[in-house]
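Report on one structure; see the data block that follows.
The values are calculated or read from the model by the stated rules, or taken from the named source; none is laboratory data. Being a predicted model, the structure only gives us computed values, none of them experimental. Neighbour counts run over all protein chains shown; Cβ positions are idealised from the backbone, glycine included. Just the protein is used for accessible areas: all its heavy atoms, side chains included, with ligands, DNA and RNA removed. Shrake-Rupley method; radii C 1.70, N 1.55, O 1.52, S 1.80 Å.
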Amino acid sequence: MKQYKAVIFDLDGVITDTARYHYLAWKRLAESQGVPFDEAFNEHLKGIDRMGSLDLILAQSPRAFSDDEKLALATEKNEHYKELIATMSPDDLLPGAVAALDACRAQGLRIGLASVSKNAFTVLERLGITDKFDYVVDAATIARGKPDPEIFLKAARELGVAAADCFGVEDAVAGVASIKAAGMYAVGVGDAGILTQADVVIPDLRGFDPAKY
Ligand code: BG6
Ligand code: MG
């Protein structure tokens, strides 16, 4: 079996259930613009950065939006999202998350975080797990969001490990595509029927074992 040297985790929907908060914030925003919004549509937004997500939502509207209007709507969504995450604590870690990070550490793997969320540093602080990562990508430095491989390649480079010696962990279709485009092994977290491009899919991190990949 291959011996990986690093693991790169996504955050939202993998380590904590902020995917739910993004969903709630986008739903309110979409409905304020008369755009219908449900879980199925939300699935396409997972892993997609803020302006990219907004563009997908507004594409459902019959009217056009100026750049200023888009910026105002994105800010409105983000303010709502920030209210939703303000009360997060270590209790919001998903089951198995800390054990998964500790198992990677025990295995001698370097550990990175590749989230396109500009709120990732705040969420890590609230969860109390910032120091469990050797490197966290600053989403503000990424030009092309998932499914482009840029963010996973940057994490690998900063960890000092070749992409082929890394594996990624993701809950989003776009995220798994980003990992695969980076030339890494992909562990999907969620539904195997949705994450069809992943090399292996586990329902949640309770089933995560870095020695198996
Ligand atoms: C990703 C989420 O992690 O971050 C997306 O899966 C979200 O739903 C994206 O849109 C950007 O997050 P933020 O916090 O920068 O708006
Ligand atoms: Mg995610």
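The table below gives the values:
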item	result
Residue within the range 140-162 that is under 25 Å from Thr87 (Cα atoms) and in contact (Cβ under 8 Å) with a residue 12 or more places away in the chain present	yes
From the options Ile57, Ile85, residue that is open to solvent by less than 40 Å² (accessible area, probe 1.4 Å), closer than 29 Å to Gly128 by Cα, in contact with a helix residue (DSSP H, G or I) (Cβ under 8 Å, 6 or more places away or on another chain) and modelled with pLDDT of 95 or more	Ile85
First in the range 10-31 and free of Cβ contacts under 8 Å to residues at least 24 places away in the same chain, second anywhere and more than 10 Å from ligand 1 (Cβ to nearest atom) and assigned to a loop (DSSP other than H, G, I, E, B), Cβ under 7 Å, 6 or more apart	Lys27/Phe37; Glu31/Phe37
Of all residues in the range 10-38 being among the polar types (S, T, N, Q) and open to solvent by less than 40 Å² (accessible area, probe 1.4 Å), the one that is farthest from ligand 1 (Cβ to nearest atom)	Thr16
The range 112-132, residues that are touching a residue at least 40 places away in the same chain (Cβ under 8 Å) and open to solvent by less than 60 Å² (accessible area, probe 1.4 Å)	Gly112, Leu113, Ala114, Ser115, Val116, Ser117, Asn119, Ala120, Val123, Leu124, Leu127, Ile129
One residue from Ala162, Ala181, Ala156, Ala192 being of a type outside the set (S, T, N, Q), open to solvent by 30 Å² or more (accessible area, probe 1.4 Å), under 19 Å from Gln107 (Cα atoms) and away from ligand 1 (no atom under 16 Å from the Cβ)	Ala162
Enumeration of residues in the range 182-195 that are farther than 11 Å from Ile8 by Cβ and in contact with a helix residue (DSSP H, G or I) (Cβ under 8 Å, 6 or more places away or on another chain)	Gly183, Gly188, Val189, Ile194, Leu195
Condition check for Gln60: closer than 26 Å to Asp209 by Cα and out of contact with any Cys (no Cβ under 9 Å at 6 or more places or on another chain)	no
Subset tally (residues that are within 14 Å of ligand 2 (Cβ to nearest atom), touching a residue at least 60 places away in the same chain (Cβ under 8 Å) and more than 22 Å from Tyr135 (Cβ to Cβ)) for the range 168-212	4
Options Glu43, Glu39: the member that is within 18 Å of the chain's Cα centre (by Cα), within 15 Å of Asp17 (Cα to Cα), in contact (Cβ under 8 Å) with a residue 40 or more places away in the chain and within 16 Å of ligand 2 (Cβ to nearest atom)	Glu43
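Okay, residues lined up against (1) assigned to a helix (DSSP H, G or I); (2) charged (D, E, K, R); (3) at pLDDT below 95; (4) touching a Gly at 6+ places or on another chain (Cβ under 6 Å):
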position: Ala103; (1), (2), (3), (4): yes, no, no, no
position: Gly108; (1), (2), (3), (4): no, no, no, no
position: Phe121; (1), (2), (3), (4): yes, no, no, no
position: Asp131; (1), (2), (3), (4): yes, yes, no, no
position: Ala164; (1), (2), (3), (4): yes, no, no, yes
position: Val187; (1), (2), (3), (4): no, no, no, no
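Residues are listed down the side, and each one gets a yes or a no for (1) out of contact with any strand residue (DSSP E or B) (no Cβ under 6 Å at 6 or more places or on another chain); (2) more than 23 Å from Gly193 (Cα to Cα); (3) among the small types (Gly, Ala, Ser):
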position	(1), (2), (3)
Asp10	no, no, no
Gly13	yes, no, yes
Leu29	yes, yes, no
Leu45	yes, no, no
Glu79	yes, yes, no
Thr87	yes, yes, no
Ala114	no, yes, yes
